[in-house]
1. Mind giving me the nanometre distance, one decimal, between the label points for Ala18 and Glu457, set 7 Å out from Cα along Cα→Cβ?
2. Stokes-Einstein D for segment 266-385 at 25 °C, 0.890 mPa s, Kirkwood Rh over Cα pairs, in µm²/s?
3. Can you give the helix-only mean residue ellipticity at 222 nm for the chain, where every DSSP H stretch with n ≥ 4 adds -39500 (n - 2.57) and the sum goes over all residues, rounded to the nearest 500 deg cm²/dmol?
4. Using the structure shown, list the pairs from Lys138/Lys267; Lys235/Lys319; Lys138/Lys326 with a Cα-Cα distance above 26 Å, or answer none.
5. For a quick check: with amide H placed at 1.01 Å from N, whose amide H comes under 5 Å from Thr217's, ignoring anything fewer than 5 positions away on the same chain?
6. Computed FRET efficiency, Cβ-Cβ of Asp211 and Arg183, R0 25 Å: what is it to the nearest 0.05?
7. Show the residues, 5+ positions off or on another chain, whose built amide H is closer than 5 Å to the amide H of Cys225.
8. So which DSSP H runs in the chain come out at 20 Å plus along the axis (Cα) with average Kyte-Doolittle of at least 1.0?
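Here, each number is a calculation from the coordinates, and none is a lab measurement. Since the structure is predicted, the reported quantities are computational estimates derived from the model, not experimental observations. Neighbour counts are summed over all protein chains in view; Cβ atoms, including those assigned to glycine, are modelled from backbone coordinates with ideal geometry.
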Amino acid sequence: MTGAVRNVRLPAVHALLAAPACEPLVAEYGREQTVGALRDVLASLRGTLLEGGAADASEPAVLAALAARLAAANRSPLRRLFNLTGTVLHTNLGRALLPDVAVQAVADALRWPMNLEWDLETGKRGDRDSLVEEHLLKLTGAEAVTVVNNNAAAVLLMLNTLAPGREVIVSRGELVEIGGAFRIPDVMTRAGALLREVGATNRTHLKDYADGINGATALLMKVHCSNYAITGFTKEVTLPELVPLARERNLPVAVDLGSGTLVDLEKYGLPHETTVRETIEGGADLVTFSGDKLLGGPQCGIIAGRRDLVAAIKKNPLKRALRVGKLTLAALEPVLALYHAPDLLAERLTTLRLLTRPAQAMRALAARLQVPFQEALGDSYTVAAEPVTSQIGSGALPVDVLPSFGLAVRAAPGTRGNPLGVLERRLRGLPVPVIGRIADDTLWLDLRCLEEAHAEEFAGQLPLLKGAAA
Ligand SMILES: *Cc1c(COP(=O)(O)O)cnc(C)c1O
């Protein structure tokens, strides 16, 4: 063993550190980190050689390994990627992408002090909600609004303010679970409110709500069935049907709209989704919705509705724990401002642009990428340009799909193992990871979210897939 150690000859640390190629590494990562990584590289090299393995221990090889090690250790675990899943608002991939106006506003908010809670007119302390209040009142028709961390927080805060220790009536058909452990019954419990379920899973009548009301009732609540649809023999009490009962019993009605949209999507050729304004006009006393779903803004939750109820919500000490930071407000404000030009919205609001992108555009892109993709993958796979269907995602219009086009990759007949799994992993390992979807023995890459501006970058990394055969 000792003899073997003597036989391993490695460049000395001080010599490597003095090499010109090491200078930029020290400049970028600092001396301490570079020296530490260098010792690690040498130790692993020594280990390999002692075990009789082959390794290049030349100075350039050691420095190249050092550079790679430092780069890997300093790469953020949060990476940008190509979302070719076909789900535009993908919760696990960060939901809405924001337009450049919002990006610029966030950059400014990061670099500069801001009048976050400072009224520049009076020179006195202000309220952060007022930065987006005017836009939201105009866009929703509500009397008052407040913004919190996400829609889950909005629902929690609303229930905790309006119904602590009291009952909230919800139809059994609307006891939604959103992925990631947001369940209406559980949120209700955590908010300190008591859920009173009424009706049946498929049918709830107005009489069920009426019979459920008692002295402990604080609120009637409707929840958007964001990720499912109940079809067949069904009956749902609509908001306009429910409101007269609530008024008669002097109870407020709250609606958790989930995604919530500020515009009539039908005007943009998309399926209709109830807007926040329609919900307010339909008689809801409070509406809660997300900022990063169809709205196309940053993660946040918006509560809109009656002035007195919003004022009570803002006074709840939990509001302080759930409020949004300046980066969120910086991003949200310019996004809301875009809505004042509805005719330009489909071009300017990234989410809407992606959702309304014509299948023709994806078709042309698929035709262009099919050959280089096939070349990169070789004979083990076949690549075809085929129609696919995209989804909006994040609980908006769960049953509606949007016609799109993409690349369909299949394993060549007779290929063994799990070739699609291998390819999926290779795509994830690219410098800008590519995320697709495997279904029906096919790896689908929906091109809806690959905009022209990034198509070249996408194509540029395809050659790195060479040799991806199973
Ligand atoms: C998405 C959704 C939520 C949760 O919203 P987040 O912004 O993700 O917290 C709550 N309720 C409904 C109906 C939803 O669709």
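1. It works out to 4.2 nm between the two label points.
2. Stokes-Einstein gives a translational diffusion coefficient of 136 µm²/s.
3. -12500 deg cm²/dmol
4. From Lys138/Lys267; Lys235/Lys319; Lys138/Lys326, over 26 Å: Lys235/Lys319.
5. For Thr217, whose amide H was placed from the backbone, the distant partners under 5 Å are Glu167.
6. Computed FRET efficiency for Asp211 and Arg183: 0.55.
7. The list, which skips near neighbours in sequence, is empty: none.
8. In the chain, the long hydrophobic H runs are 59-73.
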